[in-house]
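The values are calculated or read from the model by the stated rules, or taken from the named source; none is laboratory data. None of these values were measured; they are calculated from a predicted model. Positions of Cβ are generated from backbone atoms using ideal geometry, with glycine treated the same way; all protein chains shown enter the neighbour counts. Keep in mind that these areas ignore ligands, DNA and RNA; they rest on the heavy atoms of the full protein, side chains included. Shrake-Rupley method; radii C 1.70, N 1.55, O 1.52, S 1.80 Å.
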Amino acid sequence: MTAEAAHAAASAAKSAPTVSGRDWRVVPMLLPYLWEYKWRVVVALSFLVTAKLANVGVPLVLKDIVDTLDTSKAVLVLPFALLVAYGALRLSTVLFAELRDVVFVPVTQRAARRIALDVFRHLHALSLRFHLDRQTGGMSRDIERGTRGISTLLSFMLFSIIPVVLEFVLVAAVLFAKFDWRFVAVTFAAVIVYIGFTIGITEWRSAIRKRANELDSKANTRAIDSLLNYETVKYFNNEEYEARRYDDSLQRYEVMAVRNEASLGLLNVGQAGIIAVAATALMVLCAQGVVARELSIGDLVLVNGLLIQLYIPLNFLGMAYREIKQALIDMERMFGLLEQHREVDDAPDAQDLPEGATAVRFEAVDFGYDPRRQILHGMTFEIPPAAKVAVVGSSGAGKSTLARLLYRFYDVTGGAVSISGVDIRKLRQTSLRSAIAIVPQDTVLFNDTILYNIQYGRPAASRDEVVAAAKAAHIHDFILSLPDGYEAMVGERGLKLSGGEKQRVAIARAILKNPRIMIFDEATSALDSRTEQAIQRELNAIAQGRTTLVIAHRLSTVMDADEILVLEQGQIIERGRHGDLLESGGAYAQMWALQQQEAARECEISSAT
């Protein structure tokens, strides 16, 4: 470990946020998830109380057995009743503790499941802006640890904290009833010092654990990001560079992990010292009572048994408190995801998209991803029902932004986007998006089968419908040529397929969805000319009868559009049909001429080779 890494980790630890009352706020958030199983909780607590009563009863019965067997007294018969009671109490302690676990475990698992599901749904409901800014690897680790923290918190609260408190009350009551005030005073003092020491050290350790978690998430994020971009790493021969970056994160985590274990040793030694001093003091008091013939040998056994039953779980309480604090930290991060504001949300009176002819209209739309930089300026145009409107222009002109606004990944900052005369902000997002399908430029597929990826357009579709969509996209024969057919895996992000094959899968998926509005977002710009021509025919076929927005770079793909919009710096500078725009000799005509020259040059190069 380098000195620089150690210094950086130490500085980070100093700046790490301390654990405060804010972490405990997640506890009330759990209550709605537990309310569904309130009777199970009551039954589990009943079993818990019964187990603890039996546990405290064991040394009481053992005292009577010892006193009965005292050699100073005539023993005529064995105390069978007491021995049977002793065995029954021992059994009851374990039996009711296990019954408590059996009854409560479904509560813990269901709460963890429901919260994880709520977080998952909420993440999908957040805006695209959130996901573009977020690092997926770290977020997935936050959810994983938070879910595990729920189980930890509930288990330790019910199985450790409450039992220890209950047992302490019972032990204190027995000591007060059978012995003088000194026994209770020593016990109370020891417990107070123990709890104070444990909380103080644990609060200090929690800051270290919290920083260690952050470094762990960062290392995980770097690893996932590097593996997802495997090809790019290989292209630039940067395997060792990625390994060094990953090792740097691991090195910083190592510093925090070592410091965490050292602090744990200090905590354990301190706890053991407090318990040893208190236990010794109580045994001295009890031994003095026996010598003075004020207490019996059974009383000595009773005090020893009570101490064992109190201090063993109390020692465990230190670990329970540490785990609870860690669980709270982990849960706070996960619940923090739930508190992320939904930038785009359904209005209270949102409605479904009306049936019938579907027209799309952008009315004086202003928009910018950042308030300091506006992308669209007063954009106004309409796509009539079953018409095709194309948008062309240079990179950064705002073309793809139109698709994102139509999908309502973002809300416009000025003006309105409407479908069939209804502002999309007044529509339910599920209804809006179910009516739109997109064939993007970069088709990203799930690491699953071809069947799954096509069926994703409409998960309830039958296999026959999937096959029909694949035939319409002219990919059915290719799929059948694969060894596994429709069950063939496409690999991470579809990397096992070529660009044209992925595009056809995207087309089949869009066909299967059977949308009223179709968006082609530079769907063929990354393909070679021959593949582009083949796929373009398929795109034209599925656009028939649908309201279609085409975002294009190559002008040859939009010659048949009912209207072509030319964008520059977020504004429409020309509009019209292909022939009319060429005749006007404006920006579109210049773009056309330039692309024709490039196409001629490519033909010359291919002919020469």
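Taking Cα atoms, how many degrees apart are the long axis of helix 26-35 and the longest axis of the chain, rounded to 10 and kept between 0 and 90?
Compared with the principal axis, the helix lies near 90 degrees.
Using a 7 Å offset from the Cα along the Cα-to-Cβ direction at both Arg293 and Val105, what is the distance between the two label points in nm, to one decimal?
5.6
What nm distance separates the two modelled labels at Arg601 and Met157, each placed 7 Å from Cα along Cα→Cβ?
Here the answer is 6.8 nm between the modelled labels.
Of the DSSP beta bridges with both residues in the chain, give the percent that are antiparallel, rounding to the nearest 5.
50
For region 250-339, what is the accessible area per residue in Å² when the probe is 1.4 Å?
42
If each of Phe236 and Asp423 carries a label point 7 Å out from its Cα toward its Cβ, how far apart are those two points in nm?
4.5
Return the FRET efficiency for the residue pair Ser434, Asp484: r is the Cβ-Cβ distance, R0 is 30 Å, and the value is rounded to the nearest 0.05.
0.45
Quick one: angle between helix 162-178 and the longest Cα principal axis of the chain, in degrees between 0 and 90, rounded to 10, please.
Relative to the chain, helix 162-178 is tipped by roughly 10 degrees.
Which of the lysines could a cross-linker bridge to Lys325, judged by Cα under 28 Å and excluding same-chain residues fewer than eight apart?
Straight-line reach from Lys325, under 28 Å: Lys14, Lys38, Lys52, Lys210, Lys218.
For region 361-467, state which GluC sites (Glu not before Pro) are in a DSSP loop and have at most 12 other beta carbons lying within 10 Å of their beta carbon.
Here no GluC sites (Glu not before Pro) fit, given the DSSP loop and packing criteria.
On a 0 to 90° scale, report how tilted helix 239-291 is relative to the longest principal axis of the chain, with both axes built from alpha carbons and the result rounded to the nearest 10.
Rounded to the nearest ten degrees, it is 20.
Can you tell me how the chain classifies by the Cα gyration tensor, rounded, prolate or oblate, using a/c under 1.5 as the rounded cut?
prolate
Can you tell me the FRET efficiency between Arg182 and Trp39 if r is taken as the Cβ-Cβ distance and R0 is 51 Å, rounded to the nearest 0.05?
Working: r = 44 Å, r/R0 = 0.85.
Approximately 0.70, to the nearest 0.05.
Give, in nm to one decimal, the length gained when the segment between Asp580 and Asn514 is fully stretched (0.36 nm per residue of separation minus the Cα-Cα distance).
Contour length minus the Cα-Cα distance gives 20.5 nm.
Given H placed 1.01 Å from N in the peptide plane, which residues other than close sequence neighbours of Glu574 have an amide H under 5 Å from its amide H?
For Glu574, the qualifying residues are Val566.
Go through 499-505, 276-282 and give me the packing order, highest mean Cβ count within 10 Å leading.
499-505, 276-282
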